[in-house]
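Chemist: Handing you this structure, nothing more for now.
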Amino acid sequence: MMNLSRPGLVLMVAALVAVLGVWTEAGYAGGRPDPQAERVARGGYIFEAAGCLGCHTDEAHGGQRLGGGRAISSDYGTFYTPNISPDPIYGIGGWSDSAFIRALRHGVSADGTQLLPVFPFTAYTLMDNQDILDLRAYLRTQKPVARQSRPHDLREPWGFRLMMPGWRILYLGVGPLDTNPLRTAQWNRGQYLVRALGHCGECHSPRDWAGAIEESRAFSGNLNSLNGENAPNLTPDPETGLGRWSEADLMLLLELGLRPDGDVVGGSMAEIVRNSTSRLTPGDRRAIVTYLKALPPLRAGPVPPN
Amino acid sequence: MACSPCHLNAATGRASVAAAMGGLVVWAWLGAIAAGPALADEIAVVASPEVVRPELLKVIARRQSESRRLSGAMRVIGRFLKGEGANVSDVGAAAEIIRAVGGQFNHDLFPEGTAVGVGRSAARQEVWQEWDIFKERSAALQTAAGRLVTAAATGNAEAVRAPIVAVGQACGSCHELFRRRVP
């Protein structure tokens, strides 16, 4: 061990104090990044990219942010989205981080309730653990809403949840999403944004009789998507898909909702643009476009005139 | 199990084989029921012809031709953003059109009785049910278009970016709530 003279020791202690002083001062003054605040900020971005706000807020009836209660009509009946605010009783404030991960990764609620795939856990399962935890950190900072979640009004209130364990075995490809080393970083980022966070295929893919996305025809559109809307074919098929759209056209759609014909999208996609795609970084929008342009072109039925 | 129609605490996080088999059995009988007719939140109800006054059909046609002027102007703005030939003064001219059309979103162009189901109307009932919001949003379009006119007059290509975004948002906010969703 090194022998230190007394002045040397004093000097070392003084230096240590000085370093600590600078460190704590900077830490508290905000000069040094606060890791928790960074996580919340990253989680806020994930929240927007994953489009959580729209479904979990009953905006049309003045519902509070993340208080749930929005009605979503489908072939299976009407779903009412749950409260995901941090309220410990009515929201998910009492959930552990692992319960939150399980809900997104496996589609099972903290109390063991089988979640139905109208909640897109088949997409969120592909998320990175870190992104899920950052999202959780962000949700914790939101305002609690003391509002009980409303039960769904389904045509088969008992059966759908009972069949979920089998359904998940057949249809849930548990994530996270693997990086494809043969593709560029931009394509991989796009795949993550489209498949995991953006869950675009939930509306833009046909579904089979069990309500699962037909993987072989993924992103080829769905004429009868949620709320009866037509979700167009996103693959680059020139006749029925986006094959004639340039990358710049797609960028404008994601940023402004503006189509090449000068129309501005309405319905659910207007909401997605407002809450999600317009808030992404231009780089992330570019990644989405790269991924969509590289999809295999699939023909779909004729898209009705807008 | 403690049940409500929404919460069945029947299964644990990891699906056991038994639960899976049970699920599949239930699933089988559900299959036939599940493949039912579509539920649309708005299905066009075609009004009987004698109810529709011809002047209303004319208004709808005029409204749609005004909408086409809007989308024509937006197409110019899109070409500017994509660098496909339109310049800042073209954007200014387009903004003038948008402002002018936005000023017509009133009862003359949207009279009662011209909702979805009448002629080729794409205007949802919400236009009249939420008339104040409709007016608020069309006013927002006019304001945004006015700012774009001003910005374009400076000739600065950077200055028009933000007002263009505001115009796009105004278009989308109205279409989201007030335009027919089911094609």
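The values are calculated or read from the model by the stated rules, or taken from the named source; none is laboratory data. The structure displayed is predicted, hence computed values, not measured ones. Neighbour counts run over all protein chains shown; Cβ positions are idealised from the backbone, glycine included. What goes into the accessible areas is simple: the full protein's heavy atoms, side chains included, and nothing from ligands, DNA or RNA. Shrake-Rupley method; radii C 1.70, N 1.55, O 1.52, S 1.80 Å.
Chemist: For chain A, what is the mean residue ellipticity at 222 nm derived from helices alone (per DSSP H run of n ≥ 4: -39500 (n - 2.57); sum divided by total residues; nearest 500 deg cm²/dmol)?
Modeler: Result for chain A: -11500 deg cm²/dmol, rounded to the nearest 500.
Chemist: Using only alpha carbon pairs under 8 Å that are at least six residues apart, calculate the relative contact order of chain A and give it in whole percent.
Modeler: Dividing the mean separation by the residue count of chain A yields 17 percent.
Chemist: Still on this structure, I have one more. Is the C-alpha gyration tensor of chain A telling us rounded, prolate or oblate? Criteria: a/c under 1.5 is rounded; beyond that, a/b larger than b/c is prolate, otherwise oblate.
Modeler: prolate
Chemist: What angle do you read, to the nearest 10 degrees and between 0 and 90, between the alpha-carbon axis of helix A:247-256 and the longest principal axis of chain A?
Modeler: For helix A:247-256, the angle is close to 80 degrees.
Chemist: Shifting gears a bit: What average count of beta carbons from other chains do you get within 10 Å of the Cβ of residues in B:78-84?
Modeler: Taking all residues of B:78-84 together, the mean is 5.
Chemist: With a 1.4 Å probe and every protein chain kept in, tell me what percent of the accessible surface of the range A:178-306 is carbon plus sulfur.
Modeler: That fraction is 56 percent.
Chemist: Using amide H atoms built in the peptide plane, which far-off residues or other-chain residues are under 5 Å from A:Thr240 H to H?
Modeler: A:Ala300
Chemist: In debye to the nearest 20, how big a dipole does the range A:178-306 give about its Cα centre with +1 on each Lys and Arg Cβ and -1 on each Asp and Glu Cβ?
Modeler: 300
Chemist: Still on this structure: When Lys and Arg each count +1 and Asp and Glu each count -1, what net charge do the other residues less than 12 Å away from A:Val145, Cβ to Cβ, add up to?
Modeler: Summing Lys/Arg as +1 and Asp/Glu as -1 gives +1.
Chemist: Using protein heavy atoms only (no ligands, DNA or RNA), what is the total accessible area buried between A and B, 1.4 Å probe, nearest 100 Å²?
Modeler: 4400
Chemist: Could I ask something else about it? List the lysines whose Cα sits under 29 Å from the Cα of B:Lys135, skipping any in the same chain fewer than 8 residues away.
Modeler: Within the straight-line cut-off, B:Lys135 pairs with B:Lys58.
Chemist: What is the helix-to-structure angle for A:6-29, meaning the angle in degrees between its Cα long axis and the longest Cα principal axis of chain A, kept from 0 to 90 and rounded to the nearest 10?
Modeler: Tilt of helix A:6-29: around 30 degrees.
Chemist: Partner chain Cβ atoms within 10 Å, averaged over the residues of A:227-234 - can you pull that number for me?
Modeler: That works out to 3 on average.
Chemist: With a 1.4 Å probe on protein heavy atoms only, tell me which residues of the range A:263-301 lose at least 40 Å² of accessible surface in the complex relative to the chain by itself.
Modeler: SASA drop of 40 Å² or more in the range A:263-301: A:Val264, A:Gly267.
Chemist: Given +1 on the Cβ of Lys and Arg, -1 on the Cβ of Asp and Glu, and no further charges, what dipole in debye does the range A:115-160 carry about its Cα centre, rounded to the nearest 20?
Modeler: Charge dipole of the range A:115-160: 320 debye, to the nearest 20.
Chemist: Report the relative contact order of the range A:172-244, percent, no decimals, based on alpha-carbon pairs under 8 angstrom and at least 6 residues apart.
Modeler: It rounds to 18 percent for the range A:172-244.
Chemist: Additional query: How large is Rg/Rh for the range A:147-212, to two decimals, with Cα atoms and a Kirkwood Rh?
Modeler: Reported Rg/Rh (Cα atoms, Kirkwood Rh): 1.09.
Chemist: Let me ask you something else. Cα gyration tensor of the range A:36-180, axes a ≥ b ≥ c as square roots of the eigenvalues: rounded (a/c below 1.5), prolate (a/b > b/c) or oblate?
Modeler: Judged from the Cα gyration tensor, the range A:36-180 comes out oblate (a/c at least 1.5, b/c at or above a/b).
Chemist: For the range A:35-176, which whole percent of the accessible surface, found with a 1.4 angstrom probe, sits on carbon and sulfur atoms?
Modeler: Result for the range A:35-176: 57 percent of the exposed heavy-atom area is carbon or sulfur.
Chemist: Same structure, new question: Using only alpha carbons, build the gyration tensor for the range A:115-259 and give me the equivalent ellipsoid semi-axes, biggest first, whole Å.
Modeler: Semi-axes from the Cα gyration tensor: 27, 21, 18 Å.
Chemist: Extent of the range A:178-306 along each principal axis, from alpha carbon coordinates, in Å, largest to smallest?
Modeler: Principal-axis extents of the range A:178-306 (Cα, largest first): 34, 34, 27 Å.
Chemist: What aspartates and glutamates sit close enough to A:Lys293 to cross-link, taking a C-alpha to C-alpha distance under 18 Å and skipping anything fewer than 8 places away on the same chain?
Modeler: A:Glu215, A:Asp237, A:Glu239, A:Glu247, A:Asp249, A:Glu255, A:Asp284
Chemist: Beyond 16 Å, what percent of the Cα pairs of the range A:103-169 remain?
Modeler: The calculated P(r) of the range A:103-169 puts 59 percent of pairs beyond 16 Å.
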